[in-house]
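Below: the structure, in structure tokens.
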2 protein chains.
Amino acid sequence: MTDLPDIWSLSSSRLSVSSVHKIFNEQTAWVLDGKMISMGIRSSIAGEVRRMEECIGKVPGLAVIMVGQRWDSQIYVRNKIKACEEVGIKSCVTELPTDCTEAEVQSALLRFNKDPSIHGILVQLPLPQHLDEGKVLDVLGLEKDVDGFHPLNTGNLAVIGREPLFIPCTPKGCIELLIRSGVEIIGKKAVVIGRSNIVGLPTSFLLQRHHATVTVIHAFTENPEQITSAADIVVSAAGIPNMVRGNWIKPGAIVIDVGTSPVEDPSCEDGYRLVGDVCYEEAVNVASVITPVPGGVGPMTVAMLLSNTLDSAKRMLDFT
Amino acid sequence: MTDLPDIWSLSSSRLSVSSVHKIFNEQTAWVLDGKMISMGIRSSIAGEVRRMEECIGKVPGLAVIMVGQRWDSQIYVRNKIKACEEVGIKSCVTELPTDCTEAEVQSALLRFNKDPSIHGILVQLPLPQHLDEGKVLDVLGLEKDVDGFHPLNTGNLAVIGREPLFIPCTPKGCIELLIRSGVEIIGKKAVVIGRSNIVGLPTSFLLQRHHATVTVIHAFTENPEQITSAADIVVSAAGIPNMVRGNWIKPGAIVIDVGTSPVEDPSCEDGYRLVGDVCYEEAVNVASVITPVPGGVGPMTVAMLLSNTLDSAKRMLDFT
């Protein structure tokens, strides 16, 4: 039985009470403020980046490859770049046209693999359908895979006793939220809804590494609500707005909502608003801890990307 | 959603009724005869090996590395070598002393990696405690990893949409038994007891690839019997004799017992007998399908090793 890898320790101190909001009305759940928690993490990353620059005259570098013009990808990439700037991480974006070839993406990757000023590379997913995600990611240098999507990282995350170089950002953010909200994971029944390679699958591995009893629910699961309503911890990453109703949740359970879907709403400035997998209004009266959408897991994902990039730079530059 | 990799198809035809024994007394379960099923598989492997030899004048080669003198390892290795001989696969064993160094095991591995007459290499586990299993296995050439324990194989097994070069033998044998007993896995609730890297973990991935809803139970799980008794399929790989009692099992469930522990028994010739994780006498009256110990999963493991070695030789020699 091993604990989580060392790289985990950076930001795993417990949550200060001030960043948990107890709302004293009908709601019973603590609402975890991912934005505030992530700000604390970013601030300590900024301090580390400064210290690195002062000591060795170098800063971490992140390269982002974006293919096509997906509106959501553009927002995500913009947020990542902005977050890099704020903590002093150097960043650059390579934009490729939607109809580019696998070879073109690979050649961009190879260039960043060789660039010693780049310590983290990420390919913004999903790629256009004509590109084979696996073939593209296979080219990405393992030691710069800050998204942690390389199968060897996945294997090393799954296999107890092994240690991945990087833990995927969103799953890492979910576990950080659990740890920082004081939740003891060991021995708990945990359910992960969704089994994507990006979120569901690695989250299930992480929960298992923390010795939870984990069940993964997916499109072929019958009566999912029976399974979720027995769980102490529910992490939902299905991408289906309001799927998880109040009666899916055991009273007092901890609910982490990864789902972020745009739903049309003319009353909002952009004509839409972001909605989670969990029917928040119902769940907030049943759960003991819940994350909102937006402002829950989302900001944590970005903070974990910065953290992985910093860790990578420290490792490559042998800076402690 | 992908199906299992191509290498799966070799031996996945359904079970002929003759190899399932319905016992008409108090027992309600079909008892799967792993020995008989594996004989059928071995026989078709023998045919393929013959065809290969006739067409290209070559046969598959398996190298086994054994460190130390564990009595159980010696039995397992002897069985594997004997099984190779029976189907025409060339085999060789390198025995190293208990106190050998990591470098010595690695150098044996490197020699077999380079040997073109060897298509599969396995290191009999467990290794003596002073040897780092991970460091040793890292040297094993991925394309000869017929045990499927390399983390990249594990990662590719876990990640839906990826395909591992090899599926670990015991988990592959368990799924073969399920498929051959006509069990539909999709949508079923499956519980895997134990999360070893050799059996529990990869079995959970395989069941999930077949679209079961999978829960993994381990030492930190509270009230495991509550979880198992809701499952349609139980695969037990804990190595604890008679742990799974009759009341752990839902009436009509399918029970695959991987556990094989020696228990002292003066009435037996060797002074001991092999016992599974499942209390067979109780479970056989509750389950609808059950595997015995010995004679259930064990023979399937050896058959899958032969199958993996044949597949590897075909791939390396480009023989179809």
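Some notes on this structure:
- Listed by first and then second residue, the pairs with beta-carbon distance under 8 Å, at least 6 apart or on different chains, first residue in region A:111-128 and in contact (Cβ under 8 Å) with a residue 60 or more places away in the chain, second surrounded by fewer than 16 Cβ atoms within 10 Å (Cβ to Cβ) and acidic (Asp, Glu), are A:Pro128/A:Asp99.
- Filtering B:Lys114, B:Lys90, B:Lys135 for residues that are more than 29 Å from B:Pro294 (Cα to Cα) and away from chain A (no Cβ under 14 Å) leaves a single hit, B:Lys114.
- Test set (1) within 10 Å of another protein chain (Cβ to nearest Cβ); (2) in a loop (DSSP other than H, G, I, E, B); (3) at pLDDT 95 or above; (4) within 26 Å of A:Trp71 (Cα to Cα) - A:Ser196 fails condition number: (3)
- Filtering B:Asp265, B:Asp270, B:Asp232, B:Asp257 for residues that are under 28 Å from A:Ile185 (Cα atoms) and of a type in the set (Asp, Glu) leaves a single hit, B:Asp232.
- The listed residue being more than 9 Å from chain B (Cβ to nearest Cβ) and in contact with a Phe, Trp or Tyr (Cβ under 7 Å, 6 or more places away or on another chain), out of A:Gly141, A:Gly148: A:Gly148
- Taking the conditions (1) at pLDDT below 95; (2) under 21 Å from B:Val146 (Cβ atoms); (3) surrounded by 14 or more Cβ atoms within 10 Å (Cβ to Cβ); (4) among the hydrophobic types (A, V, I, L, M, F, W, C) in turn, B:Leu15 satisfies each one other than (2).
- Whichever residue in region B:199-238 is acidic (Asp, Glu) and either in contact with a Lys or Arg (Cβ under 6 Å, 6 or more places away or on another chain) or more than 16 Å from B:Ala287 (Cα to Cα) (or both) and, among such residues, is nearest to the other protein chains (Cβ to nearest Cβ): B:Glu222
- Only one of A:Ala190, A:Ala230, A:Ala219, A:Ala238 that is surrounded by fewer than 24 Cβ atoms within 10 Å (Cβ to Cβ), in contact with a strand residue (DSSP E or B) (Cβ under 8 Å, 6 or more places away or on another chain) and not in a helix (DSSP H, G or I): A:Ala230
- Residue check for A:Ala253: surrounded by 18 or more Cβ atoms within 10 Å (Cβ to Cβ) and within 13 Å of chain B (Cβ to nearest Cβ): no
- Considering residues of region A:256-277 that are surrounded by 15 or more Cβ atoms within 10 Å (Cβ to Cβ) and among the small types (Gly, Ala, Ser) only, the residue modelled with the lowest pLDDT: A:Ser261
- Residue match in region A:149-169 (condition: modelled with pLDDT of 95 or more, assigned to a loop (DSSP other than H, G, I, E, B) and touching a strand residue (DSSP E or B) at 6+ places or on another chain (Cβ under 8 Å)): no
So that you can scan it fast, the table gives a plain yes or no per residue for (1) among the acidic types (Asp, Glu); (2) closer than 26 Å to A:Cys100 by Cα:
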| site | (1), (2) |
| --- | --- |
| A:Pro128 | no, yes |
| A:Asp138 | yes, yes |
| A:Lys144 | no, yes |
| A:His150 | no, yes |
| A:Asn156 | no, no |
| A:Val159 | no, no |
| A:Arg162 | no, no |
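- Residues of region B:195-218 classified as closer than 22 Å to A:Asn156 by Cβ and either in contact (Cβ under 8 Å) with a residue 60 or more places away in the chain or of a type in the set (A, V, I, L, M) (or both), total: 8
The values are calculated or read from the model by the stated rules, or taken from the named source; none is laboratory data. These figures come from a predicted structure and were not determined experimentally. Using ideal geometry, Cβ is built from the backbone for each residue, glycine included, and neighbour counts are taken over all protein chains shown.
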